Amino acid sequence: MIRPRTLALAAGGLAVAHSLPALTSLGPLRPYLAPGLSGEGHPGHVALTFDDGPDPRSTPLFLKELDRVGVRATFFLLGRMLLRAPGLGRELVDAGHEVAVHGLRHRPMLIRSPRATMDDVARACDLITDLTGQQPRWYRPPYGVLSLSALAAARQQGLTPVLWTHWGQDWTAKATPDSVLQTLTRAPLAGGTVLLHDSDCTSAPGAWRSALGALPRLLDRCAEQGLAVGPLREHGLRR
């Protein structure tokens, strides 16, 4: 007969194992705990990534700005948002951008069962492939918080998890183009992966405007430093 204490210890061990990958969400620790997840790439390149779209209210404005300067990016899509605007997903691909998996819904992986996590990632991956015509290569969990199940789900779908080295903190009501740019440029941009949001579906209403306002100045800053900007597929991610 298995003792209750043994069962409790086993359950505790499983819980720790499940949540251990979440430590990579701590930006200062990430390069040491899991350098491959940080998004560090070629020192002459900056990977530009967007989360939470596609959103017909805002994503087309980002596409217009990126087209104006001839820059391509990686868009981490939410399945539920893509279902609302499937044509916009195809428009991203037709414009030369890369699409990637952010999940079906923006729910924390730590509180989801292994089965629910597998289903979320698989359904999102299938939706993105079917509706955009592009097979995604990358996975970024909601809130940037991984679990053991999320890693297993990504592996099952042939996806590589990747987080970021720079974020603009553009999701708050207090964010402005100035604050976003200042936050992004606190550390050298060379070789980094930048996270911005092209939708406010999980942010303060209208928060995407701070990211859109900062985008031209961010791209100018990269050009001044001789840095190419593009999607993750061109970033030469370090393993």
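The values are calculated or read from the model by the stated rules, or taken from the named source; none is laboratory data. What you see is a predicted model; the values in this text were computed from it and never measured. Here the Cβ is made from the backbone with ideal geometry for all residues, glycine too, and neighbour counts use every protein chain on show.
When the residues of region 123-139 are narrowed to those that are within 15 Å of the chain's Cα centre (by Cα) and not basic (Lys, Arg), which ends up farthest from Ala154 (Cα to Cα)? Let's see the steps before the verdict.
Within region 123-139, the subset within 15 Å of the chain's Cα centre (by Cα) is 124-125, 128, 136-139.
So of that shortlist, the ones also not basic (Lys, Arg) come out as 124-125, 128, 136, 138-139.
On the way: Ala124: 11, Cys125: 9, Ile128: 14, Pro136: 11, Trp138: 8, Tyr139: 7 Å.
Residue satisfying both the conditions and the ranking: Ile128.
Is it the case, given these coordinates, that Thr160 is among the hydroxyl-bearing types (Ser, Thr, Tyr), under 30 Å from Met118 (Cα atoms) and surrounded by fewer than 20 Cβ atoms within 10 Å (Cβ to Cβ)? First the steps, then the outcome.
Details: among the hydroxyl-bearing types (Ser, Thr, Tyr): yes; under 30 Å from Met118 (Cα atoms): yes; surrounded by fewer than 20 Cβ atoms within 10 Å (Cβ to Cβ): yes.
It is true that Thr160 is among the hydroxyl-bearing types (Ser, Thr, Tyr), under 30 Å from Met118 (Cα atoms) and surrounded by fewer than 20 Cβ atoms within 10 Å (Cβ to Cβ).
From Leu163, Leu127, Leu131, Leu196, which residue is within 25 Å of Ala95 (Cα to Cα), touching a Gly at 6+ places or on another chain (Cβ under 6 Å) and modelled with pLDDT under 95? Working first, answer last.
Details: Leu127 fails: modelled with pLDDT under 95; Leu131 fails: modelled with pLDDT under 95; Leu196 fails: modelled with pLDDT under 95.
Unique residue meeting the criteria: Leu163.
Kindly indicate the residue of region 79-91 that is in contact (Cβ under 8 Å) with a residue 40 or more places away in the chain and more than 19 Å from Arg209 (Cα to Cα) and also nearest to the chain's Cα centre (by Cα) among those meeting that condition. I'd like the intermediate steps shown before the answer.
As a first pass, look at region 79-91 and keep what is in contact (Cβ under 8 Å) with a residue 40 or more places away in the chain: 79, 81-83, 86, 89-90.
Add one more test, that the residue is more than 19 Å from Arg209 (Cα to Cα), and what stays is 79, 82-83, 86, 89-90.
Numbers: Gly79: 13, Leu82: 15, Leu83: 18, Pro86: 19, Gly89: 16, Arg90: 19 Å.
Checking each candidate, the answer is Gly79.
For residues that are closer than 24 Å to Pro43 by Cα and polar (S, T, N, Q), scanning just region 163-216, find the one that is surrounded by the most Cβ atoms within 10 Å (Cβ to Cβ).
Restricting attention to region 163-216, the residues satisfying the condition of being closer than 24 Å to Pro43 by Cα are 163-169, 180-197, 211, 214-216.
Those left that are additionally polar (S, T, N, Q): 165, 169, 182-183, 185, 193.
On the way: Thr165: 21, Gln169: 17, Gln182: 13, Thr183: 16, Thr185: 17, Thr193: 26.
It comes out as Thr193.
Please go through region 191-201 and give me each residue that is of a type outside the set (S, T, N, Q) and assigned to a loop (DSSP other than H, G, I, E, B), ordered by number.
First pass over region 191-201, keeping only residues of a type outside the set (S, T, N, Q): 191-192, 194-198, 200-201.
Selection gives Gly191, Gly192, Asp198, Asp200, Cys201.
Residue check: is Pro161 closer than 13 Å to Leu218 by Cβ and touching a residue at least 40 places away in the same chain (Cβ under 8 Å)? Spell out the reasoning first.
Values: closer than 13 Å to Leu218 by Cβ: no; touching a residue at least 40 places away in the same chain (Cβ under 8 Å): yes.
Spelling it out, it is not the case that Pro161 is closer than 13 Å to Leu218 by Cβ and touching a residue at least 40 places away in the same chain (Cβ under 8 Å).
May I ask you to say which residue of Ala204, Ala223 is at negative phi and assigned to a loop (DSSP other than H, G, I, E, B)? Spell out how you get there, then give the answer.
Numbers: Ala223 fails: assigned to a loop (DSSP other than H, G, I, E, B).
Residue meeting the stated conditions: Ala204.
Take the residues in region 59-98 that are out of contact with any strand residue (DSSP E or B) (no Cβ under 9 Å at 6 or more places or on another chain) and among the small types (Gly, Ala, Ser); name whichever of them is farthest from Thr117 (Cα to Cα).
Of everything passing the filter in region 59-98, Gly70 is farthest from Thr117 (Cα to Cα).
Farther than 21 Å from Leu237 by Cβ, hydroxyl-bearing (Ser, Thr, Tyr), modelled with pLDDT of 95 or more and more than 18 Å from the chain's Cα centre (by Cα), is that true of Ser179?
Details: farther than 21 Å from Leu237 by Cβ: yes; hydroxyl-bearing (Ser, Thr, Tyr): yes; modelled with pLDDT of 95 or more: yes; more than 18 Å from the chain's Cα centre (by Cα): yes.
Judged against the criteria, Ser179 is a match.
Which one of these is of a type outside the set (Phe, Trp, Tyr) and touching an Asp or Glu at 6+ places or on another chain (Cβ under 9 Å): Thr160, Thr165, Thr172? So that I can check it myself, show each step before the final result.
Values: Thr160 fails: touching an Asp or Glu at 6+ places or on another chain (Cβ under 9 Å); Thr172 fails: touching an Asp or Glu at 6+ places or on another chain (Cβ under 9 Å).
Answer to the check: Thr165.
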